[in-house]
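Quick note: the coordinates plus some simple rules give every number you see, no bench work behind them. Only a predicted model underlies this, so the values are computations on that prediction, with no experimental measurement involved. Using ideal geometry, Cβ is built from the backbone for each residue, glycine included, and neighbour counts are taken over all protein chains shown.
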Amino acid sequence: MAALLLADLYHLRVNGEDIPAVLDRVHGRTPGHVQVADAGHGYGNEPGTGTSELDGWVGAAAPTRLQGWIGLEYAPLDTTASGLARLG
């Protein structure tokens, strides 16, 4: 049995990876956890505040391979509660 992988979209993005290609290549090994943060102006921005295509990447993964959690690991612009409210 192959080990399961965490799909850390932030680090894939800042390392210049082709995220759709990576998700296609490892789709059978990332069913349980995708981790997101936005990129573009600092470390781990709130989703929707940078240059990453998070909605598209997570949306593409969800119907066929994502069966678990989407984790958020980012530095809030203000408070955690206000950042989560923006995700609404």
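Counting 0.36 nm for each residue step from E53 to V26 and taking away their Cα separation leaves a gain of 7.8 nm.
Given a Förster distance of 30 angstrom, what is the FRET efficiency for A81 paired with E17, based on the Cβ-Cβ distance and rounded to 0.05?
E(calc), rounded to 0.05, equals 0.40.
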